[in-house]
Amino acid sequence: MSDRLESDLLADSPHPRETARLIGQDAAEQALLAAYQSGRIHHAWILGGPEGIGKATLAYRMAKFVLTNPDPSRVGGALDLSVPPEGHAARQVMSQSHVDLTVLRRLPNEKTKGFYSNIRVDDVRNVVRFFGSTAGAGGWRIAIIDSAEDLAREGANALLKVLEEPPPRALFLMVSHQPARLLPTIRSRCRLLALGALSDADVVAASAQARPDLSSDAIAASAALAQGSVRRALTLADGEGVALHRSLTELLAKLPRIDVAAAHALADRCANKAGDENFALLLDFIDEWLHQRLLSERSEPAHRLARWAEVWEKARSAARDVEAYNLDRKPFVLSTLSMLAQASDA
């Protein structure tokens, strides 16, 4: 397991390049395999879908497979993209030392001790130069971009040059959580391969693979709230996510009455620096609750739906202000609960 600071790594879990097995995305894997076996694989792919469902794992599996088997005509009998982990190319990919694979992602920022906010244009230009160099023995050069949303406009435009005129045996694997947000010029030069959210059973299996130290009860409880995302399930299982969801659900079940003591206790769990993760999760939970409320009342008169839509927009706007101006979170939590109570009583 990597101990380096990496923007595409979930703490305490294996990096996607190290993940042993891709769970729940057989159809997407078979699509890439068939395209490669045909000998006419498109040079650029967008692996699209929600965060935490295996897109990056699929990208690294494809890279290891192609670099291990550079001749498509010799893999006609392959049933999936698995390769022996002890193989030379696979070991080099996992150790980040393969000369024919480059990875674009947000890099560490020494000044802030965090990461740059996007993939810098200079890093993109390095990738363009990479595709202009001579490939190794297999002849393939592969770039993984994780994620494509992190490309600033200038960087995306710099990437267009090589996407428009790729050299022979070039392969781009672009991980995207929201493909519709990418520049149309990028999308038009790539083939979209859509991956779906995982079933609860697949989330449980993938979470157990990534974190065998977690209890089966913790994984099962977090998977039920994870919306098909392994990343979300592991985040919930590692922190207070499941308990936080339970507390919020109990509060919302009593609307329009508010249990003041319970509301303050919930707000306190999100109020300081240690509550960063809790606050982000609470925003997601409230957003999901409002979404479900709108769906459940879609047959109600328009004015009743409008009040929930108004609360939703006000809560989102206030949350953005809290994040942008580093405001106290406790008043936000309490005022949002108050708005929900008023809307319930209308």
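Largest GNM mean-square fluctuation among 169, 298, 17, using the chain with Cα springs under 10 Å: 298. Taking other residues whose beta carbon is less than 13 angstrom from the beta carbon of residue 114, and scoring Lys, Arg as +1 and Asp, Glu as -1, yields 0.
With the chain treated as a Gaussian network of Cα nodes joined by springs under 10 Å, which of 315, 156, 89 yields the largest mean-square fluctuation? Highest fluctuation among the options: 315.
Stretching residue 309 away from residue 165 to a fully extended chain increases their span by 47.2 nm, per 0.36 nm per residue minus the current alpha-carbon distance. For the chain, the relative contact order works out to 17 percent when only alpha carbon pairs closer than 8 Å and six or more residues apart are counted. Matching the structure-derived percent of Cα pairs over 25 Å apart against the labelled list (i) 48; (ii) 53; (iii) 59 gives the label (iii). The mean sequence separation of alpha-carbon pairs under 8 Å and at least six residues apart, normalised by the residue count of the range 1-70, gives a relative contact order of 34 percent. Legend: residue pairs 113/273; 113/314; 273/330, Cα-Cα distance threshold 23 Å; pairs beyond threshold, 113/314. In this rough spin-label picture, where each label sits 7 Å from Cα along the Cβ direction, the residue 338-residue 259 distance is 2.1 nm. Annotation: lysines with alpha-carbon distance below 19 angstrom to residue 111 (same-chain offsets under eight excluded): none found. Ligands, DNA and RNA left out, the 1.4 Å accessible surface of the chain is 51% carbon and sulfur atoms. Taking label positions 7 Å along the Cα-Cβ direction at both residue 11 and residue 178, the computed distance is 2.5 nm, reported to one decimal.
Only helices enter the 222 nm calculation for the chain: every DSSP H run of n ≥ 4 contributes -39,500 (n - 2.57), and dividing by all residues gives -15500 deg cm²/dmol, rounded to 500. Per-residue surface analysis assigns residue 291 an accessible area of about 80 Å², computed on protein heavy atoms at 1.4 Å probe radius. Counted residue by residue at 0.36 nm each, then reduced by the alpha carbon distance between them, the extension gain from residue 197 to residue 154 reaches 12.4 nm. Ligands, DNA and RNA are left out, and with a 1.4 angstrom probe the accessible area of the chain is 50 Å² per residue. Other residues whose C-beta falls under 9 angstrom from the C-beta of residue 60 contribute a net charge of +2, scoring Lys and Arg +1 and Asp and Glu -1.
In this simple spin-label model, placing a label point 7 Å from the Cα along the Cα-to-Cβ direction at both residue 296 and residue 71 gives a separation of 6.2 nm.
Sparsely packed loop sites in the range 186-270 (the trypsin sites (Lys or Arg not before Pro) outside DSSP H, G, I, E and B with at most 15 other Cβ atoms within 10 Å) comprise 254, 257.
The values are calculated or read from the model by the stated rules, or taken from the named source; none is laboratory data. None of these values were measured; they are calculated from a predicted model. With ideal geometry, Cβ positions are generated from the backbone for all residues, glycine too; neighbour counts draw on all protein chains shown. Each accessible area value is taken on the protein alone, full model and side chains, heavy atoms only, with ligands, DNA and RNA left out. Shrake-Rupley method; radii C 1.70, N 1.55, O 1.52, S 1.80 Å.
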